[in-house]
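What follows is calculated from the coordinates using simple rules that are stated; it is not laboratory data. None of these values were measured; they are calculated from a predicted model. Positions of Cβ are generated from backbone atoms using ideal geometry, with glycine treated the same way; all protein chains shown enter the neighbour counts.
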Amino acid sequence: MATATAADEWDKAAQAVRGAAEELRGADTAALRTWAQTNKLLSRSMWPKVKRELYKQLDIDYDTQRETETEARQQAVAAAAAAAPLVELYAAGDERGSFAVLPGPAVNHGSDADVNDAAWYGTFHEKDTIYRAGDQDSADNSAAGKAVFLAGKVREEQGLDAVRLLLHISNRTSTETGWPAPRRRPGSLSNSTSPTPTLRASTANAPVTRRGRRSG
């Protein structure tokens, strides 16, 4: 089977755009990429040629349009987040491979976080892309990522456009005593199953920040 030359690819890109012109006019960048993928035009060599033909034939500047759409989405999220409910979480991991995510006062009926009320706890998956065995910083980062994921699940389950996340990271090596001792030792939760959020977002008016490591 002969390998397509650059000229062949330019012809293919031009014909594809010409044939789908009506469909492509007015499409957003997600629809443009979907069309390109469906028609096997999204390869590293073809996609730049398709984008060039979109501009030549239909005056569609894909990259500029994508930037405009991204900015619009960011502004929409910011507007929604300004008055969005607050989710406050405490996250901790340790270099030995365990983690926990606990609700803060804003979602825990006004009380302090307690290990017994952990929304998600267990051990890091052996293929965790962030955690590195024996490394505390990577344990912190992976636990924080799980907290962000959990806050997203809360948003989805409550049908909200956005939530504000106030995240506290607890680092067990920051003090001599380490984590506060739990009333009971939590069991292990399989990382192959996503947690079922039982938290509810609060409408408390608090700033949205990702706090630094919190000792103790």
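So the values come out like this:
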quantity	calculated
Gyration tensor (alpha-carbon) shape descriptor, region 9-62, a/c threshold 1.5	rounded
Local net charge near Lys56, Cβ-Cβ under 12 Å (Lys/Arg +1, Asp/Glu -1)	+1
Amide proton proximity set for Leu86, modelled H, under 5 Å, gap of 5+	Arg164, Ser202, Thr203, Ala204
Mean separation of Cα contacts under 8 Å, 6 or more apart, over the residue count of region 6-79: relative contact order %	35 percent
Alpha-carbon centroids, region 51-80 and region 1-38: separation in whole Å	18 Å
